[in-house]
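Asks: Sharing a structure below in structure tokens format, with a few things to ask.
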Amino acid sequence: MKKQLLFFLIALTGLFSTVIAQVGINTSTPHAPLQFKNETVNRKIVLYETVNDDNQYYGFGVNPGVLRYQTDVTATDHAFFAGTGATTSNELMRIKGTGNVGIATSAPLAKLDIIGTTFGIRNSVTSGSWDNLWFNVTPSIPSINASGAESGLQFNVGSNSVGAYGDSQTLTTVATMLATGNMGVGTTTPTNKLDVNGTTRVRTITPVSGATVVTPVYSDANGVLVKASPSATYGGLTSNTSGNILSGATGTVITGMVDGGIYKAVVIVGDACADIGTAEFYVNNISSNSYFSINGLGGLLSSGGTNKSPAFNQVNRNTITVTWTGKVGCAGGDNPTSFNYTLTIPSAGTINVTNNGNITKAYTIVLTRIN
């Protein structure tokens, strides 16, 4: 009897829908071919019921302000397909029960996981629009691309702690990249490859090794970094610290001086008692006619009384001895002779030091080019 009643109701529904083309479920005033009662419930249409409750099913529901698309458990995925023929379909997008979204992948590993070499954003549906932002993800050379960015690609930061995307929160442009290749930090109109409007901090600078020649950098009236001169020679620095040189032995402290260069040289030697002897020299490195030479200018000794200057003995054009008469002894083994040494330019481009003291020493030399 129940089966007969059900068949009758189905037939009646079909007849009714055929006549008026509208069917209402729990409503007597349908305004569409199929309409449900106006109510907000989790279960509105059940396609498959795993458990008889309002959450563990496949189907649709309506909550206040929400169209609810429901699956039964977090292990169940939401997938979208497009048919490719009578027997196959392509998967377009998948939303995992974990919340990960995959486009062109059925196994997304992130909140948004896109498989492909290019994806982008346009500000218009017009196919010819040039105001686009897109990303290329090609092996070894991923890139961010922008067209229609005549005023630059900007990076902005909002100052409000809360707010929705695109609302009225205040945004500050912190960096701008122009099509010219200029990059601005704190300015939207950079005039150089890197234009920083503000202070700059470099936390790590790699030191050069040995006697490498380096050139100092200054800033012009506009704050643009420049070298000391167009030839990039004036102000160039060369520095080195020798290894330990035994008493009476000779070691090389500088090699590779530029031919024709004129330098001011500072030589520093110290002991275990924090005493330091600093002496200054002029050095000419001119290979023509063997015009390489050295001469003492002055110096300063940390210890001693009033006699703090070294005595220079110019042996010849390329050899000079340095004697510190005010040097005091030290518990580390230094006696008053321990800071004495001889500087020699045996050939163009090279400076040697001979330890004339009583104990092994290391020597630091700094050359500043002045021509």
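The values are calculated or read from the model by the stated rules, or taken from the named source; none is laboratory data. The shown structure was predicted, so the numbers you read here are calculated from the model rather than taken from an experiment. Quick reminder, even Gly has a Cβ in these numbers, built from the backbone with ideal geometry, and neighbours come from all protein chains shown.
Asks: Counting only residues that are among the β-branched types (Val, Ile, Thr) and under 12 Å from Trp324 (Cβ atoms), which one in region 268-310 is surrounded by the fewest Cβ atoms within 10 Å (Cβ to Cβ)?
Replies: Ile276
Asks: Being in contact (Cβ under 8 Å) with a residue 40 or more places away in the chain, of a type in the set (Lys, Arg) and surrounded by 12 or more Cβ atoms within 10 Å (Cβ to Cβ) narrows it down to one of Lys227, Lys264, so name that one.
Replies: Lys264
Asks: Moving to a separate point now. Considering region 266-282 alone, what residues qualify as being more than 38 Å from the chain's Cα centre (by Cα) and closer than 12 Å to Gly298 by Cα?
Replies: Once the filter is applied, which keeps residues that are more than 38 Å from the chain's Cα centre (by Cα) and closer than 12 Å to Gly298 by Cα, region 266-282 yields Val267, Gly277, Thr278, Ala279, Glu280, Phe281, Tyr282.
Asks: Which one is farthest from Arg317 (Cα to Cα), of the residues in region 333-371 that are more than 47 Å from the chain's Cα centre (by Cα) and surrounded by fewer than 19 Cβ atoms within 10 Å (Cβ to Cβ)?
Replies: Gly333
Asks: Considering each of Thr325, Thr319 in turn, give the residue that is closer than 25 Å to Asn244 by Cβ, crowded, with 17+ Cβ neighbours inside 10 Å, of a type in the set (Ser, Thr, Tyr) and assigned by TED's automatic domain parsing to the domain that holds Thr250.
Replies: Being closer than 25 Å to Asn244 by Cβ, crowded, with 17+ Cβ neighbours inside 10 Å, of a type in the set (Ser, Thr, Tyr) and assigned by TED's automatic domain parsing to the domain that holds Thr250 holds for just one of Thr325, Thr319, which is Thr319.
Asks: Then there's this: Tell me which residues, restricted to region 237-291, are closer than 23 Å to Pro310 by Cβ, touching a Ser or Thr at 6+ places or on another chain (Cβ under 9 Å) and not in a strand (DSSP E or B).
Replies: Within region 237-291, Ser242, Asn244, Leu246, Ser247, Gly248, Ala249, Met257, Asp271, Cys273, Ala274, Asp275 qualify.
Asks: Still on this structure, please answer the following. What single numbered condition from (1) part of a loop (DSSP other than H, G, I, E, B); (2) in contact with a Pro (Cβ under 9 Å, 6 or more places away or on another chain); (3) within 22 Å of Phe119 (Cβ to Cβ) fails to hold for Thr40?
Replies: (3)
Asks: The conditions are (1) under 24 Å from Ile320 (Cα atoms); (2) outside any strand (DSSP E or B), and Ala221 fails exactly one of them. Which is it?
Replies: With (1) under 24 Å from Ile320 (Cα atoms); (2) outside any strand (DSSP E or B) applied to Ala221, the lone miss is (1).
Asks: Out of all the residues in region 191-210, is one or more among the aliphatic types (A, V, I, L, M) and modelled with pLDDT under 85?
Replies: Yes - at least one qualifying residue is present in region 191-210.
Results for (1) under 30 Å from Lys37 (Cβ atoms); (2) surrounded by fewer than 12 Cβ atoms within 10 Å (Cβ to Cβ), shown as yes or no for each residue.
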position	(1), (2)
Tyr57	yes, no
Ala75	no, yes
Gly85	no, yes
Ala104	no, no
Leu112	no, yes
Leu133	no, no
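Asks: Residue by residue through region 43-55, note down the ones that are surrounded by 12 or more Cβ atoms within 10 Å (Cβ to Cβ), in a loop (DSSP other than H, G, I, E, B) and among the β-branched types (Val, Ile, Thr).
Replies: Thr50, the sole residue that qualifies.
Asks: Across region 358-371, what is the total count of residues that are at pLDDT 95 or above and either in contact with a Phe, Trp or Tyr (Cβ under 8 Å, 6 or more places away or on another chain) or among the small types (Gly, Ala, Ser) (or both)?
Replies: So the count comes out to 3.
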